[in-house]
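The values are calculated or read from the model by the stated rules, or taken from the named source; none is laboratory data. Model, not experiment: these values are computed from the prediction. Every residue, glycine among them, receives a Cβ derived from its backbone with ideal geometry; neighbour counts consider all protein chains shown. For accessibility, only protein heavy atoms count, side chains too; no ligands or nucleic acids. Shrake-Rupley method; radii C 1.70, N 1.55, O 1.52, S 1.80 Å.
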2 protein chains.
Amino acid sequence: MLEKLKIVLSHTTHPGNIGAAARAMKVMGLSALALINPRHYPSAEATERASKASDLLANANVFNDIESAIADCRLVVGTSARTRSLPSKLVTPRELAEIIKQSPQNVPVAIMFGTENSGLTNEELHRCHYHVYIPTNPEYSSLNLASAVQLISYEMRLAFSELKHLPEQRVLENEEQITNEQMQGLLAHFEKAMLATGYLNPKHPKQIDQRMNRLLAKAQVTESENRLLRGFLSSIEQLIDQ
Amino acid sequence: MLEKLKIVLSHTTHPGNIGAAARAMKVMGLSALALINPRHYPSAEATERASKASDLLANANVFNDIESAIADCRLVVGTSARTRSLPSKLVTPRELAEIIKQSPQNVPVAIMFGTENSGLTNEELHRCHYHVYIPTNPEYSSLNLASAVQLISYEMRLAFSELKHLPEQRVLENEEQITNEQMQGLLAHFEKAMLATGYLNPKHPKQIDQRMNRLLAKAQVTESENRLLRGFLSSIEQLIDQ
């Protein structure tokens, strides 16, 4: 699905934004980029900002009008920062992902981004089946163009990537949490050491045992951490025994 | 909560990224920015890329070491693109939002971003209670620094903004969907016109009535659209009557 989502940038003013958008797409696994009348393009700045996503720029199709850019698309979505009367339904990026998921046959999907200053034109807005609105701070909602592409691409990756969202986390050696028996041994060792230093007064124990139990449970003590703590406790006892 | 989330940028190389990060934060309603030994700062490029978020740069605190930058923070989170052995739990941005939500007392929260090329240092990684990993394309996972700040800030806004995610959509005049009675009238008008043009053959109706019903139901025809279609149908009839 990700390669069937076409990002359409209309009348982009700054070529750096085109490059940054290409990078934003590729990082999320999107690849289809269409440009409608970019002001400066091709451009060294676009290539530089694309970093290792310059293949998307090389494969990008450049069009003179919106009709040609979206001719092969079945679902057309516009991004809009404006809340003015829109000709079709306004959805969040996450809702958009859900809508696409429910009609996977409606590909290719065009997701259109207007010019930096004024967004999509009225003509472009009227081509859209949906409008997607990225939630922003009402006091400053000026999202950078490439940032908007990044956020939409991210939501699409979360919705459509078949890969797990988190890589396997390699377990550090001895990272297993200690058994309950080891935990009781550790707690007993703490109690013994605290008695030895005089910190724990048997007449006024102040629930120190329970509080230590809670603390160490929260810490999810591992084997190696257990050895570390026991070593420290033993060193205290040795000091006292001297 | 959003203003208690401190974005910490460590040893950032490109000042443009600092500015773009400030803009990314402000658009999502975050405001607390800390910088650890930025290579070039303050910088005209940072201010330019910050656009109208230069107040975040003006209020940013610059530190010489990580200890001072996170001294007041209770929960410390590192962003990591690496999947190598990490000293603490790896979570997605969405899971991180959930973790913060469940312990709202653990503020301020530091969310640390390392240098562009190599990320957080081992020393910094070991300060973290959690590591957040932004799902990316395994074939090209090089997320721009400001883009990473943008995505994390977006997830935090979705989780913590008390405002609705979508603005009220102003309803276009006469955008009410037609009543069932009007729908039946419209369908009857289509049938009449199709009979008049000869398109509909009463001997072989081909379920055209049902298919039109389905089509118009999907279209959720509004009052004004109903008038438009009826006007068109009437014009066909007039043409035939001449």
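To the nearest ten degrees, helix A:223-241 and the longest principal axis of the Cα atoms of chain A are 30 degrees apart.
What does the charge count around residue B:16 come to, taking other residues whose C-beta lies under 15 Å from its C-beta (Lys +1, Arg +1, Asp -1, Glu -1)? Mind showing how you got there, number by number?
Details: positive: A:23, A:49, B:23, B:39, B:49; negative: A:45, A:48, B:45, B:48, B:116.
Neighbour charge sum, excluding residue B:16 itself: 0.
Shape analysis of segment A:44-179 yields a ratio of the Cα radius of gyration to the Kirkwood radius, Rg/Rh, of 1.08.
Summary for residue B:237: label point 7 Å along Cα→Cβ; distances to the equivalent points in the other copies, ascending, 10.1 nm. Label positions at residue B:165 and residue A:238, each projected 7 Å from the Cα along the C-beta direction, are separated by 5.7 nm. Ordered from highest to lowest accessible area with the whole protein assembly present and a 1.4 Å probe, B:154, A:133, B:130 read as B:130, A:133, B:154.
Could you work out the helix-only [θ] at 222 nm for chain A, with each DSSP H run of four or more residues adding -39,500 (n - 2.57) and the total divided by the number of residues, to the nearest 500 deg cm²/dmol?
Numbers: 10 runs with 110 residues, N = 242.
Mean residue ellipticity at 222 nm (helix-derived): -14000 deg cm²/dmol.
Placing a label point 7 Å from the Cα of residue A:201 along the Cα-to-Cβ direction, the distances to the matching points in the other copies come to 10.6 nm, shortest first. Here the simple spin-label model places points 7 Å from the Cα toward Cβ, and for residue A:220 and residue B:62 these points are separated by 3.9 nm. Size of segment A:133-231 from its Cα atoms: along the principal axes, largest to smallest, the extents are 66, 36, 18 Å.
Compute the accessible area per residue over segment B:53-191, keeping the other protein chains in place, probe 1.4 Å, unit Å². Write down the numbers at each step before the final one.
Values: 6740 Å² over 139 residues.
Here the residues of segment B:53-191 average 48 Å² of exposed surface.
Within the assembled protein chains, the solvent-accessible surface assigned to residue A:1 is about 60 Å², based on a 1.4 Å probe. A 1.4 Å probe, protein heavy atoms only, puts the accessible area of residue A:204 near 120 Å². Residues of segment B:120-144 losing 20 Å² or more of accessible area relative to the isolated chain, 1.4 Å probe, heavy atoms only? In segment B:120-144, residues shielded by partner chains: B:133, B:135, B:136, B:137, B:138, B:140, B:142, B:143, B:144.
Computed in the context of the full set of protein chains, the accessible area of the protein assembly as shown at 1.4 Å probe radius has 49% of its extent on carbon or sulfur. When B and A come together, around 4200 square angstrom of accessible surface is lost from both chains combined, probe 1.4 Å.
How high is the relative contact order of chain B? Use alpha-carbon pairs under 8 Å, at least six apart in sequence, and give a whole percent. Please list the in-between numbers first.
Numbers: 354 pairs, mean separation 49.1, N = 242.
Relative contact order, chain B: 20 percent.
Computed on the Cα atoms alone, the convex hull of the protein assembly as shown gives a volume of 209 cubic angstrom per residue. Each Cα pair under 8 Å and six or more residues apart adds its separation to the average, and for segment B:101-242 the resulting relative contact order is 23 percent. Label-point spacing at residue B:37 relative to the other copies reads 5.1 nm, in ascending order, each point sitting 7 Å out from Cα along Cα→Cβ. Ordered by 1.4 Å accessible area with all protein chains kept, B:155, A:162 run largest first as A:162, B:155. Annotation: amide H of residue B:36 within the under-5 Å range of B:9, B:10, B:11, B:12, B:63, sequence separation 5 or more or interchain, hydrogens built in the peptide plane.
Here, chain A is characterised by an Rg to Rh ratio of 1.32, where Rg is the alpha-carbon radius of gyration and Rh the Kirkwood radius.
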